[in-house]
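These notes are about the structure you will find just below.
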Ligand code: TYD
């Protein structure tokens, strides 16, 4: 099973991803947690170019192809082998980030981006995408606090310093993508407290598993207390 986590900055994806990985592991499922950009060695190098606030004059297209290069390598080196080995893959950002940020945010044509995503991934799509939705100001405030606390303002702050309008377009873009593919997306109200957010994720995951492969793959109920 392949699950992606999407949303604007500061939406709490990473916290929820770690929680879900622990939850699934406590149920005996082998999980791989990864992210884009930066889930493989090449990607970590690209990440430092893409997110560094000191990266200047990167054209929209150059930015796009760096994200795609990261994705192509990440899929072939990390994601596909893990899925083939039977692991559940939890990925913090994937193809929808490109549609939301480079498409709706930067204004590149989304059909063109879909074709490039298809080429980069060989068509590998998540079966479930959790979209963490919250007001832009709230997300940016959280992301700013986190980056300050972790000393990441400079090295990871390039997108955080985009305009409010940019982030608003990204948020609305994500919501449009979710409307277009309601079977794949589950929207999580990320403005709620973290304990509520993780419960929403868990419910979405359980509903997805019930809906797609009943009985055999339902998450086992034992060890109920192991996930707290
Ligand atoms: P990251 O630190 O992973 O996100 P977050 O702040 O939500 O934890 O930063 C990744 C940034 O890269 C984020 O601003 C979104 C952007 N991005 C794109 O613009 N296009 C893409 O295809 C991907 C994967 C990310």
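Some values worked out for this structure:
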read-out	value
Odd one out for residue 168 among (1) part of a loop (DSSP other than H, G, I, E, B); (2) touching a helix residue (DSSP H, G or I) at 6+ places or on another chain (Cβ under 6 Å); (3) away from the ligand (no atom under 13 Å from the Cβ)	(1)
So residue 49, is it over 25 Å from residue 138 (Cα atoms), within 15 Å of the ligand (Cβ to nearest atom) and in contact with a strand residue (DSSP E or B) (Cβ under 7 Å, 6 or more places away or on another chain)	no
Scope region 3-19; condition modelled with pLDDT of 95 or more and on the phi > 0 side of the Ramachandran plot; matching residues	7
Enumeration of residues in region 122-159 that are more than 13 Å from the ligand (Cβ to nearest atom), surrounded by 13 or more Cβ atoms within 10 Å (Cβ to Cβ) and free of Cβ contacts under 8 Å to residues at least 12 places away in the same chain	none
Counted residues, region 180-215 - those being surrounded by 12 or more Cβ atoms within 10 Å (Cβ to Cβ) and part of a strand (DSSP E or B)	4
Scope region 109-118; condition over 20 Å from residue 13 (Cβ atoms) and surrounded by 12 or more Cβ atoms within 10 Å (Cβ to Cβ); matching residues	110, 112, 113, 114, 116, 118
Members of region 20-47 found to be at positive phi and crowded, with 16+ Cβ neighbours inside 10 Å, listed by number	38
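Matching residues to (1) in contact with a helix residue (DSSP H, G or I) (Cβ under 8 Å, 6 or more places away or on another chain); (2) in contact (Cβ under 8 Å) with a residue 24 or more places away in the chain; (3) near the ligand (Cβ under 10 Å from one of its atoms):
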site: 32; (1), (2), (3): yes, yes, no
site: 55; (1), (2), (3): yes, yes, no
site: 73; (1), (2), (3): yes, yes, no
site: 82; (1), (2), (3): no, yes, no
site: 90; (1), (2), (3): yes, yes, no
site: 93; (1), (2), (3): yes, yes, yes
site: 103; (1), (2), (3): yes, yes, yes
site: 108; (1), (2), (3): yes, yes, no
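The values are calculated or read from the model by the stated rules, or taken from the named source; none is laboratory data. This structure is a prediction, so every number in the text was calculated from the model and none was measured. Glycine also receives a Cβ, built like all others from the backbone with ideal geometry; neighbour counts cover every protein chain displayed.
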